[in-house]
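What follows is a short report on a single structure.
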Amino acid sequence: MRDSATYQAMLDQGRAEGVDEGRATEARELLMEIGSERFGPPDARTQAGLMAIVDHARLHASVRRLSRASSWTELLDEDA
């Protein structure tokens, strides 16, 4: 079974998803770190909103917008 093309494809897909998830986690951590310095620690609602964003590109765009936003709420509202 381990030699089958289907099994190998499933492994490759799992690896790719793991990489994407890791990149999203890193972007989210960066967003929370820089955002906390700028706006203060996020409250529970904001943390939940940040955790709900799983797309790396969307998180990366939020990091770029940090300098223009004046609050966590504004940042997340722009992201919606």
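What follows draws every value from the coordinates through simple rules; no lab data is involved. Here the structure is a predicted model, which means the values were calculated and not measured. Ideal geometry is used to build each Cβ from the backbone, glycine not excepted, and the neighbour counts take in all protein chains shown.
Worth a mention:
- Scanning the range 58-80 for residues that are part of a helix (DSSP H, G or I) and exposed (fewer than 12 other Cβ atoms within 10 Å of the Cβ) returns Arg64, Asp77.
- For the range 31-57, the tally of residues that are part of a helix (DSSP H, G or I), in contact (Cβ under 8 Å) with a residue 24 or more places away in the chain and not β-branched (Val, Ile, Thr) stands at 7.
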